[in-house]
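First up is the structure itself, then whatever we jot down about it.
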Amino acid sequence: MSADMINAVKEFDWNQIQTYEVSAFVRDFVAKLDSYITTSSKLDLAKDVAFLAITGHFIAFIEDYLIKFGIFGSLYKLFNTIYGYIFQCLYSLPIVRGTVKKRIDIELAKIEPGIIERNEKFVDNFVLPKKGFSRSEIEKTIKQFEDFKHADIAKLSGTVYHGGSQLRELQAHVYGMFTFANQLHPDCFPEIRKMESEVVSMVLDLYHGPKGSCGTTTSGGTESLLLTCLAAREYARHNRGLTEFEIVAPVTVHAGIDKAAHYFGMKLIHAPLNHRTMKVDTNAVKRLIGPNTVLLVGSAPNFPHGIIDDIEKLSDIAIENNLPLHVDACLGSFVVPFIPDAPIFDFRVPGVTSISCDTHKYGFAPKGSSVIMYRSPELRRYQYFVSTDWTGGLYASPTLAGSRPGALSAGCWATLLYMGRSGYEKSAKEILGSAAKIRDALKCHPDLFFIYGEPIASVVAFGSTAFNIYDLDDAMKKKGWHLNALQNPPAIHMAATYLTKTSVDQLIVDLVESAKELVANGSDASASSGTKALYGVAGSVKTANVAGKLAEGFIDFLYKP
Ligand SMILES: *Cc1c(COP(=O)(O)O)cnc(C)c1O
C-alpha cells in the first residue's frame, strides 16, 4: 500500500463519525481520496486497488465461513481441504495411483457377476438382425428372460409402486393408444395437451394449490427437482442480478438437488439436522443463508429417514428473507396428503412457492412421470426454454426434454381417474399401516434396534447399537429382501409400498431373527461406521474417492455387452 493511502486512513478520526454530519464525513473522505488519487503514481494506484480487492474478498470469505459454520466447523472444513489436497498430491504419484486402481479393479470384478447375469442359453443380439423378428419370435425371446434371477417385488423397499393388475392392464391399453404422440406438438395432439393439463390440475388440487397456481408434468422426481432449481436460478439472475447461486437444503435432501447444483453451476449448502427429530435444524438454515442464496428446500418426507421437515418454520424463514421455498414431496406423493393429523406442508403454508410430487411413485402411474407445481406462473416461466432465432424456427419447450412421450401423460391421466380420491385414500391407509407395523415391531426390541426420528410416513429408518447394521442388510439380502443401506449415520431403511402389505409380517420375522443371529455371532456394532462397511473398501482411501470410482465402474457395467 502506498504511504499516502495509509496516511489518509490513519489521519481519519474514526471517533468523529458519530458527531460529524454524514455529508461532512463524505465530503472529507472524498477530498482525501481525491488528493490521494491525483498525487499517487498509476502503478501505486493499481497496486492499492488490487490489494484492497484481494484482502476485501479474503476477509469477506473468512467472515462468511465463520458465520455459516462456526469456528470448529470452519476449522474442520479447512482441515478437510488441506487433507484432501495432500491426498490428491499423493494420489497423483503413479505408484499410488496404480495401487489404488488395482484395488478398484479387484472390487469391481467382485461386483460384476451381481449386475451382468450371463446365461449360455440366451441368444445375444448385439447388432440389428438381418431380417426382422416375427412377433412370436420376440415373445419367445422374452419368455427366455424369465430364467433371469428376479427380485420378489413384494420384498423390495420402495422401487416398485404397483397399483394392482387391473390398473396395469388399463395402463398398457391407454399407453398403447398413444405411443406415437408427442407433447412437443400440442397442435397435433390436442387430447394429450388436455390430459397433461388435467393431470397437473388434479395434483395441484391434492396439494391445495391456490388460485393462479400451476405446473408441468416431467419425466420423474429428479427432473422436477432440476427444474425448480433452474427456475430459482433464472429468477434470481433476472430479478436480483446475481451471478452466483446457492441452494440451502437439509443434508437429507434428495441427491436430485445435488445433481441440479452440479448441472446448473449452483452451490448446494447442506444444513445439518436436529439429531433427536432428524428434521433439518432451522437455526442452521437461517445461518447458512447468504447474499447469493436463491432457494430453500425442505422434504415431505425425505428419502433416507422418511421424516417431514418443519415446513412452517422454513416458510417463515423464506418469507423473512424473501426467498422461494421448495417442498420435495416426490416420495410423499399420494401418501402424505392422506396422513391423519400430519403437520401442513403444502401450498396452505404461505412461504411454499413450489412442490414436486411423483405420480410414478405412490400415484401408481407408469414409470417416467412426476409433477412440478408452482404458486404462480411467474416462477414457472423461469423453467421454460425459448429460442427465437433458431434456423429450425421458433422453439419453445417447458421442461428439459424436447420431444415428450404423450403416452406417459395419457397413462398417468388414466391412472389418476381410475384410482380417484377414495382409491388413493385406501392405498395410503394400507401403506401407512405397513410402515406403522414395522415401527411398532422394531420398538418391541429396543435392545436390538433404534428408529431414527419419529417417522409418520411410509419409510422407517433404523440402526443398532447391538450389531453392525450393514451385516443385517447382507443377512436380509440372503433372505430375498432388498432394503436400502444409508450412511452418516449408519442405518438401513424400508419404504413400505402397496405390495408390502402381503409381506410385512414376514419382513418383521426376518428382521428380528437375523438381528438375533448377528448378536449371537458377535457382529460388531462399532464396525458399521467406516467406509468399508458400506462399500467393501477401507476408509483410508476415502479421499481418493474409491467409492465414487466404484460407482462409475458400476454404471459402465450397465452397458457392457
Ligand atoms: C424418489 C425421490 C426423488 C426423485 O425421484 P426420481 O423419480 O427417482 O427421479 C426425489 N425426492 C425424494 C424424496 C425421493 O424419494
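The values are calculated or read from the model by the stated rules, or taken from the named source; none is laboratory data. Everything quoted here is computed from the prediction, not taken from an experiment. Because the Cβ atoms are built from the backbone with ideal geometry, glycine has one as well, and the counts that use them run over all protein chains shown. Remember, those area values only see protein heavy atoms, side chains included, never the ligands or the DNA or RNA. Shrake-Rupley method; radii C 1.70, N 1.55, O 1.52, S 1.80 Å.
Observations on the model:
- If you go through segment 227-236 and keep only what is open to solvent by 10 Å² or more (accessible area, probe 1.4 Å) and within 16 Å of the ligand (Cβ to nearest atom), you end up with just 230.
Each row is one residue, and each column tells you yes or no for (1) within 16 Å of the ligand (Cβ to nearest atom); (2) buried (at least 19 other Cβ atoms within 10 Å of the Cβ); (3) within 20 Å of residue 347 (Cα to Cα).
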{"position": "266", "(1), (2), (3)": "no, yes, no"}
{"position": "291", "(1), (2), (3)": "no, no, no"}
{"position": "294", "(1), (2), (3)": "no, yes, yes"}
{"position": "303", "(1), (2), (3)": "yes, yes, no"}
{"position": "320", "(1), (2), (3)": "no, no, yes"}
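- Residue check, residue 133 over 32 Å from the mean Cα position of the chain (by Cα) and of a type in the set (Phe, Trp, Tyr): yes
- Residue within segment 304-318 that is in contact (Cβ under 8 Å) with a residue 40 or more places away in the chain, over 24 Å from residue 456 (Cβ atoms) and assigned to a loop (DSSP other than H, G, I, E, B) present: no
- Options 153, 116, 106; residue that is within 28 Å of the chain's Cα centre (by Cα) and over 30 Å from residue 359 (Cα atoms): 116
- Selection within segment 79-93 - under 21 Å from residue 287 (Cβ atoms) and over 26 Å from the mean Cα position of the chain (by Cα): 79
- Within segment 93-119, the set of residues being under 16 Å from residue 560 (Cα atoms) and either part of a helix (DSSP H, G or I) or open to solvent by 40 Å² or more (accessible area, probe 1.4 Å) (or both) comprises 105, 108, 109, 110, 111, 112, 113, 114, 115, 117, 118, 119.
- A search for C-beta distances below 6 Å between a residue of segment 464-488 that is within 19 Å of residue 160 (Cα to Cα) and among the hydroxyl-bearing types (Ser, Thr, Tyr) and any residue that is open to solvent by 30 Å² or more (accessible area, probe 1.4 Å) and at pLDDT 95 or above, counting only pairs 6+ apart in sequence or on different chains, returns nothing.
- Matching option when the condition is among the aromatic types (Phe, Trp, Tyr) and not in a helix (DSSP H, G or I), among 126, 79, 87: 126
Yes or no, residue by residue, for (1) within 16 Å of the ligand (Cβ to nearest atom); (2) open to solvent by less than 30 Å² (accessible area, probe 1.4 Å):
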{"residue": "238", "(1), (2)": "no, no"}
{"residue": "247", "(1), (2)": "yes, yes"}
{"residue": "253", "(1), (2)": "yes, yes"}
{"residue": "263", "(1), (2)": "yes, no"}
{"residue": "270", "(1), (2)": "yes, no"}
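- Verdict on residue 158 being within 16 Å of the ligand (Cβ to nearest atom), assigned to a loop (DSSP other than H, G, I, E, B) and either farther than 15 Å from residue 368 by Cβ or free of Cβ contacts under 8 Å to residues at least 24 places away in the same chain (or both): yes
- A Cβ distance below 8 Å, combined with a sequence gap of six or more or placement on separate chains, defines the contacts here; from segment 416-439, residues that are more than 14 Å from residue 333 (Cα to Cα) reach residues that are open to solvent by 40 Å² or more (accessible area, probe 1.4 Å) and hydrophobic (A, V, I, L, M, F, W, C) in the pairs 418/170.
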